[in-house]
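The values are calculated or read from the model by the stated rules, or taken from the named source; none is laboratory data. Remember, predicted model here, so these are calculated numbers, not experimental data. Positions of Cβ are generated from backbone atoms using ideal geometry, with glycine treated the same way; all protein chains shown enter the neighbour counts. Ligands, DNA and RNA are stripped out before the accessible areas are found, and what is left, the full protein with its side chains, is counted by its heavy atoms. Shrake-Rupley method; radii C 1.70, N 1.55, O 1.52, S 1.80 Å.
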Amino acid sequence: MIIRLMFQGGFAGKTCSVLVATVGVDDFIHTGSLYPEDISTLQEFDISCSTGDAPVEQLRIQFDESTDFYGRVTVYHFDILGIDL
């Protein structure tokens, strides 16, 4: 799965957690982390959402830290590219 993000410079997510939930399960599982740069260009992250044989039904990107003093994050562009099974 590929995630593409563009932030406003100065308001980027510094550390981001990738969490997924599979079909029929309400709990989210941490599958990785993203470390975006504090720049205003499109950034691409290739992530693995391996959950065994169960397909991913929900995806959550959690912004754990921000480059802004007050914790604000401004997202201009957000794409999720994957395979629909």
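Would you check which residues across segment 1-32 are open to solvent by less than 50 Å² (accessible area, probe 1.4 Å) and without any contact (Cβ under 8 Å) to a residue 24 or more places away in the chain and list them?
THR31, GLY32
Test ASP64 against the stated conditions and say whether it is open to solvent by 30 Å² or more (accessible area, probe 1.4 Å), modelled with pLDDT of 90 or more and either assigned to a strand (DSSP E or B) or of a type in the set (Asp, Glu) (or both).
Here the answer is yes, as ASP64 does meet what is asked.
Go through segment 67-77 and count every residue that is open to solvent by 100 Å² or more (accessible area, probe 1.4 Å) and touching a residue at least 12 places away in the same chain (Cβ under 8 Å).
Total satisfying the criteria: 2.
Residues of segment 67-79 being in a strand (DSSP E or B) and of a type in the set (Phe, Trp, Tyr), which ones?
TYR76, PHE78
Under 9 Å between Cβ atoms, which residue pairs at least 6 apart in sequence (or on different chains) link something in segment 45-65 that is more than 27 Å from ALA12 (Cβ to Cβ) with a partner that is assigned to a strand (DSSP E or B) and open to solvent by 80 Å² or more (accessible area, probe 1.4 Å)?
So the pair list comes out as THR51/ILE29.
What number goes with the only condition from (1) under 19 Å from MET6 (Cβ atoms); (2) over 12 Å from the mean Cα position of the chain (by Cα) that ILE29 does not pass?
So ILE29 meets the others, but not (1).
Kindly provide the set of residues from segment 33-59 that are assigned to a strand (DSSP E or B), open to solvent by less than 100 Å² (accessible area, probe 1.4 Å) and either closer than 15 Å to LEU5 by Cα or touching a Leu at 6+ places or on another chain (Cβ under 7 Å) (or both), ordered by number.
SER33, LEU34, GLN43, PHE45, LEU59
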